[in-house]
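Accompanying notes for the structure given below.
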Amino acid sequence: MAKVQPNRRRRPGQPDDPSLCVKYSLFAINVIFWLAGAVILAVGIFIFIEMKEEITKLADLNFQPAVIFLALGGLLFVITIFGCIGALRENRCLLTAYIWMCGIILAGMIVCGGLGFYYKDVLETKVTAQLKDAIVLYRDPTKGDLHLIIDTVQTELQCCGVQGLNDWDANIYFNCSGPARERCGVPYSCCRKDLQENRQCGYGARSVPTSQAKENGIFTEGCVKTGIAWINTNLYLIGGIGVGILILQLATICLAQTLKAQVNALVKFAKTQTF
C-alpha cells in the first residue's frame, strides 16, 4: 500500500497521518515479545541438541518440555513478526492477522484459566497421574531432560515424590526389591540443598521411618501438596502477573486496531479523490 507522503499538500477533509506514538508503541512492545520468543525458541532448540535423542515419537511428547518451548517460542516469534512488520509498514492485512491471532490467544488464555479453576480437582488428579508416570520414567535414557526437571522441582519446592517419598518405590532404581545401590532410597534432589553435594544422600531413606528420614534432611512431603501450598501462598503475585499479561495483550490489540483504523481512513479518503 502506498503511504501518504507527509510533505504532500493536504486536501480538505484529509484524515491525519497514522499516529507515530501508536505506531512505534506497538512496534516496541512487539520487539520485546519477539526477543522473548527468540529466547524461548533458542532454549527449546538447545534442549533438543543437548539431548541427542529421537524425541519426535508421539509417545515421547508428553514428557518432552523441549516441545513446549519450541511451540511457544515459535508461535510468539511468528505473531510478533506480524505485529512488527504490520506496524512499521502500516500494512492492513498484517495488522488484521495480528489482531485476530492475539484475540484468539487472549480468549484461549481466559477459557483455559476458567476451566482450570472450575475443574481444579480433576486437573489435580490428572497432574498427579502424569507425575507418577514421570517417576517411573526417571532416568529413562529416551527422556533425557525429564530427570533434570524432576530434580529441579523437588529441590526448589523442597518436596519428594508426588504424594510422598514412598512414590519412588515405583522406579526401578529406587525400588526396595531392586538390585541397585539406590534401593529403598530417593534421588539426591529429595535432600536438603546443603546435603546435595553428596549424591548418595538419599540412599536408604525409605528403609527407616519417615520421621527419621525427615530428621536426616530428607524432604517427605509430596510435590503436589507442596506445589498447591506454594500457589496459595503466592496467589496474589500469580494473579497480578496474569492480569498484567492480559492487560498488555489488550493494549497491543487496541494499538493495532487504532493503527489499522487510521490507515483505513487514509485509504478510504484516497479512493474518494479524483486525481
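Can you pull out the residues in region 226-256 that are buried (at least 16 other Cβ atoms within 10 Å of the Cβ) and over 20 Å from residue 111 (Cα atoms)?
226, 227, 230, 255, 256
If I filter region 193-219 down to residues being assigned to a helix (DSSP H, G or I) and among the aliphatic types (A, V, I, L, M), which single residue comes out as nearest to residue 153 (Cα to Cα)?
Here the residue is 195.
Would you mind finding the one in 270, 261 that is over 29 Å from residue 133 (Cα atoms) and touching a residue at least 24 places away in the same chain (Cβ under 8 Å)?
270
Consider residue 123 carefully, then state whether it is closer than 20 Å to residue 223 by Cβ, part of a helix (DSSP H, G or I), within 18 Å of the chain's Cα centre (by Cα) and not β-branched (Val, Ile, Thr).
Yes: the conditions hold for residue 123.
Could you tell me whether any residue of region 213-220 is open to solvent by 30 Å² or more (accessible area, probe 1.4 Å), among the polar types (S, T, N, Q) and free of Cβ contacts under 8 Å to residues at least 24 places away in the same chain?
Scanning region 213-220, I find at least one residue that is open to solvent by 30 Å² or more (accessible area, probe 1.4 Å), among the polar types (S, T, N, Q) and free of Cβ contacts under 8 Å to residues at least 24 places away in the same chain, so the answer is yes.
Would you say residue 180 is small (Gly, Ala, Ser), open to solvent by less than 50 Å² (accessible area, probe 1.4 Å) and in a loop (DSSP other than H, G, I, E, B)?
yes
Identify, please: which residue in region 90-120 is without any contact (Cβ under 8 Å) to a residue 60 or more places away in the chain and surrounded by 15 or more Cβ atoms within 10 Å (Cβ to Cβ) and is, among those, nearest to the chain's Cα centre (by Cα)?
In this case the residue turns out to be 101.
Kindly provide the set of residues from region 199-212 that are without any contact (Cβ under 8 Å) to a residue 40 or more places away in the chain and either open to solvent by less than 80 Å² (accessible area, probe 1.4 Å) or over 34 Å from the mean Cα position of the chain (by Cα) (or both), ordered by number.
Selection gives 201, 202, 203, 204, 207, 208, 209, 211, 212.
Every residue in region 129-177 that is assigned to a loop (DSSP other than H, G, I, E, B), open to solvent by 20 Å² or more (accessible area, probe 1.4 Å) and of a type in the set (Gly, Ala, Ser), please.
Passing the criteria: 144, 177.
Looking at region 38-59, is at least one residue of a type in the set (Gly, Ala, Ser), over 18 Å from the mean Cα position of the chain (by Cα) and modelled with pLDDT of 90 or more?
Checked against the condition, which is being of a type in the set (Gly, Ala, Ser), over 18 Å from the mean Cα position of the chain (by Cα) and modelled with pLDDT of 90 or more, region 38-59 yields no hits at all.
When you look at residue 98, is it of a type in the set (Phe, Trp, Tyr) and closer than 26 Å to residue 150 by Cβ, yes or no?
Spelling it out, it is not the case that residue 98 is of a type in the set (Phe, Trp, Tyr) and closer than 26 Å to residue 150 by Cβ.
The values are calculated or read from the model by the stated rules, or taken from the named source; none is laboratory data. Remember, predicted model here, so these are calculated numbers, not experimental data. When we count neighbours, we look across all protein chains shown, and the Cβ atoms used for this are built from the backbone with ideal geometry, even at glycine. Just so you know, the surface numbers come from the protein's heavy atoms only, side chains and all, with ligands and any DNA or RNA stripped out. Shrake-Rupley method; radii C 1.70, N 1.55, O 1.52, S 1.80 Å.
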